[in-house]
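Accompanying notes for the structure given below.
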Amino acid sequence: MRVLTALLTLLSTIGVRAATFELPPAEFDLFGAVQFVEAAQEETLLDIARRHDIGQEEILRANPAVDRWLPGAGARVVLPSRYVLPNAPHRGLILNLPEMRLYYFPEPGPDQRREVQTYPVSIGRMEWSTPLGETKLVSKQRNPSWRPPPSIRAEHAADGDPLPHVVPPGPDNPLGAYAMRLGIPGYLIHSTNKSYGVGMRVSHGCIRMLPEDIDLLFPQVPVGTAVRIINQPAKAGWHGGDLYLEVHPPLEEDRMSSAALRELAMLEIDQALFRRFGEIDAVAMERALHEQSGIPTVISR
């Protein structure tokens, strides 16, 4: 019984720290590891994604041959839990829109190693896109009330679902239990009462997090933390002697052609090659650009 209790305690601790990784040395750009699990009977891919802190679109792209709703008992599921660091200063919060993933770089204390935390998020759908740019957190609130703007009230009214001017805290509040306001007026990082949408483009521009994720992040992030919202469908970086390319589908509104995506990826690759010489495997690079799986792929010879 004592052994079982100790094991459960250990597993609980691992779960709490699942989003936290030690930052790789300065010459490396990757962290985490691709993992594999077997689906249980009547378990969906979305159940597996939630349990392992993976977004919906992420797990679907990594498992194109697996049925979303009924993978089947014993089906092998890829967890795309390895990441190339965003090409941006590693401080504060970084949101990469095509990836639909948030990165947090906490300030280390004395004698502490630098860490990175990463969480799946939802972003604004095409007609309500989440804005790019640099800003900061200007306020934080537990159990917030929601005051839907006139544009959202009008949309709901047109759908026969009128909204009140103020939605109080509680299970019907789409902000959930936590809200962190950005310096960009009208935009928040917040929890949600519709967790199934995390990892998809479903919001009116705000950034939604799983309740269990923002429960971890909210107390750590002080008001004034820098927030950078970027658009990097392709990221390149080194690990050991290998150069990796991580590709996500570009945002629909960018209307990016295959040639434009290739050019964007080459800019990222050139920056990596400026730091260290390497020879590119053109076939591997083209495969990564075509599959857009979100999994870092070796593209060096």
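The values are calculated or read from the model by the stated rules, or taken from the named source; none is laboratory data. All of these numbers come straight from a predicted model, not from anything done at the bench. Every residue, glycine among them, receives a Cβ derived from its backbone with ideal geometry; neighbour counts consider all protein chains shown.
Output the residues belonging to the range 204-215 that are of a type outside the set (Lys, Arg) and surrounded by 20 or more Cβ atoms within 10 Å (Cβ to Cβ).
Result: Cys206, Ile207, Met209, Leu210, Asp213, Ile214.
Quick check, is Tyr103 closer than 26 Å to Pro24 by Cβ, free of Cβ contacts under 8 Å to residues at least 40 places away in the same chain and surrounded by 20 or more Cβ atoms within 10 Å (Cβ to Cβ)?
Details: closer than 26 Å to Pro24 by Cβ: yes; free of Cβ contacts under 8 Å to residues at least 40 places away in the same chain: yes; surrounded by 20 or more Cβ atoms within 10 Å (Cβ to Cβ): yes.
The answer is yes for Tyr103.
What are the residue pairs meeting all of these: first residue in the range 219-243, first residue assigned by TED's automatic domain parsing to the domain that holds Gly278, second residue among the charged types (D, E, K, R) and at pLDDT below 95, Cβ atoms under 7 Å, and 6 or more apart or on different chains?
What qualifies is Trp238/Glu27; Trp238/Arg276.
If you take the residues of the range 223-250 that are of a type in the set (A, V, I, L, M, F, W, C) and surrounded by fewer than 20 Cβ atoms within 10 Å (Cβ to Cβ), which of them is nearest to Arg82 (Cα to Cα)?
So in the range 223-250, the residues of a type in the set (A, V, I, L, M, F, W, C) come out as 223, 226-227, 229-230, 234, 236, 238, 243, 245, 247.
The next check asks that each one be surrounded by fewer than 20 Cβ atoms within 10 Å (Cβ to Cβ); those that pass are 223, 226, 230.
Values: Val223: 29, Ala226: 24, Ile230: 19 Å.
Per the criteria, the residue is Ile230.
Tell me the strands (runs of 3 or more DSSP E) entirely within the range 1-82 that contain at least 1 residues that are farther than 25 Å from Ile207 by Cα, at pLDDT 90 or above and touching a Phe, Trp or Tyr at 6+ places or on another chain (Cβ under 7 Å).
Values: elements: 20-22, 30-32, 35-38, 76-79.
Strands (runs of 3 or more DSSP E) meeting the threshold: 76-79.
Do any helices (runs of 4 or more DSSP H) entirely within the range 209-301 hold 3 or more residues that are under 30 Å from Ser191 (Cβ atoms) and acidic (Asp, Glu), and if so, which?
Per the criteria, 211-217.
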